[in-house]
Amino acid sequence: MPRGKPQIEVSFDMNSDGILNVSAKELTTNKEQKITITTDGSRLSQEQIEKMVQEAEKYKEEDEANRKRIESKNQLESFIYNFSCIILLVGLAININLNPQFPIDLFNNSYKIDYFTTLIKSVILISAFLVMLCSLNYVKQNDILKIEYPILILSSILGMLVMVSSNDLIVFYVGLELQSLALYVLAAFKRDNI
């Protein structure tokens, strides 16, 4: 070994309590030093651990109640969404069975039901049902599935149906407002996401 260069052997030993024992031995003189490093300041005491366990037990019932409340809210939202899809199918069935042999004029010739409007309404209802069916996962993932969502969709569809059968500017305007008001609210659902 070269002269003037110390050769030191260092060993580290950590036990399960987090205590580190460091020993250093100089090989030429066999002189050895040891040091023990403990982590008493950052470890939780037994009292602190027991307190945390007691708090967890204390809030367990409250957490369970919150979980049940959220679960029931989610079930209600899913029910309303599914019920809206059923309403669309029932509306389609009624619309198909309402196939008039001759045009029907309502409200002093302001609202018209004939073969063409029945056909267009059927296309709108089928499209709306497919959109609701296909968008279910999307609205769940993006947290849009609220109770208002399917009701607003049905409102906008009703506006479309009124516009299709309108035979007067006032009735057309009512349908347009019904549709646009619902769509404005739907567009504002995720306005903070921009």
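Could you give the length gained by full extension between ASN30 and PHE12, i.e. 0.36 nm per residue of separation minus their alpha carbon distance, to one decimal place?
4.7 nm
For region 87-173, give the percent of accessible area contributed by carbon and sulfur heavy atoms, probe 1.4 Å, rounded to a whole number.
Within region 87-173, the accessible surface is 69 percent carbon and sulfur.
Could you compute the longest span of the chain free of trypsin sites (Lys or Arg not before Pro) located in DSSP loops and having at most 13 other Cβ atoms within 10 Å, not counting the site residues?
For trypsin sites (Lys or Arg not before Pro) (loop position, at most 13 other Cβ atoms within 10 Å), the longest site-free span of the chain is 44-189.
If you take the charge dipole of region 90-194 about its Cα centre, with +1 on Lys and Arg Cβ and -1 on Asp and Glu Cβ, which of LEU152, LEU181, TYR138 is farthest toward its positive end?
It is TYR138.
Evaluate the relative contact order of region 8-84 (contact order divided by residue number), counting alpha-carbon pairs under 8 angstrom at least 6 apart; express in whole percent.
For region 8-84, the relative contact order is 17 percent.
By how many degrees, between 0 and 90 and to the nearest 10, does the Cα long axis of helix 115-134 differ from the longest principal axis of the chain?
With both axes taken from Cα atoms, the answer is about 10 degrees.
Return one number: the angle in degrees, 0 to 90 and rounded to the nearest 10, between the long axis of the Cα atoms of helix 148-165 and the longest principal axis of the Cα atoms of the chain.
Helix 148-165 sits roughly 30 degrees off the main axis of the chain.
Where does the charge balance sit around SER156 when Lys and Arg score +1, Asp and Glu -1, over other residues with C-beta under 15 Å from its C-beta?
Cβ neighbours under 15 Å give a net charge of -1.
Per-residue accessible area for ASP63 at 1.4 Å probe radius, Å² rounded to 10?
Rounded to the nearest 10, the figure is 90 Å².
Pull up all non-local amide H partners of TYR111: gap of 5 or more, or a different chain, and H-to-H distance under 5 Å with H placed in the peptide plane.
Under 5 Å from the amide H of TYR111: LEU106, ASN167.
With every protein chain in place, what's the accessible area of SER166 (1.4 Å probe, Å², nearest 10)?
30 Å²
Considering only the other residues whose Cβ falls under 13 Å of the Cβ of PRO100, what net charge follows from Lys and Arg at +1 and Asp and Glu at -1?
That sum, taken over residues with Cβ under 13 Å, equals 0.
How long is the gain from VAL131 to LEU183 if the chain were fully straight, where each residue apart is worth 0.36 nm and the alpha carbon distance is subtracted?
17.2 nm
Out of the total accessible area of region 6-86 (probe 1.4 Å, heavy atoms of protein only), what percent is carbon and sulfur?
That share works out to 53 percent.
When Cα extents along the principal axes in Å is calculated directly from the model, which label among (1) 40, 36, 34; (2) 116, 49, 27; (3) 59, 37, 31 fits?
(2)
Enter the accessible area of GLU62 (Å², nearest 10), with the probe set to 1.4 Å and all protein chains included.
100 Å²
Might you tell me the accessible area per residue for the chain, computed with a 1.4 Å probe and given in Å²?
75 Å²
Compute and list, largest first, the equivalent-ellipsoid semi-axes of region 90-194 from the alpha carbon gyration tensor, each √(5λ) rounded to a whole angstrom.
30, 17, 8
Across the chain, how many lysine pairs separated by 8 or more positions, or lying on different chains, have Cα atoms within less than 19 Å?
Final tally of qualifying lysine pairs is 13.
Determine the order of ASP114, ASP192 by accessible area, beginning with the largest, at a probe radius of 1.4 Å.
Sorted by accessible area, descending: ASP192, ASP114.
The values are calculated or read from the model by the stated rules, or taken from the named source; none is laboratory data. On a predicted model such as this, the values are computed, not experimentally measured, just so you know. Every residue, glycine among them, receives a Cβ derived from its backbone with ideal geometry; neighbour counts consider all protein chains shown. Calculation scope for accessible area: heavy atoms of the full protein, side chains included, ligands and nucleic acids excluded. Shrake-Rupley method; radii C 1.70, N 1.55, O 1.52, S 1.80 Å.
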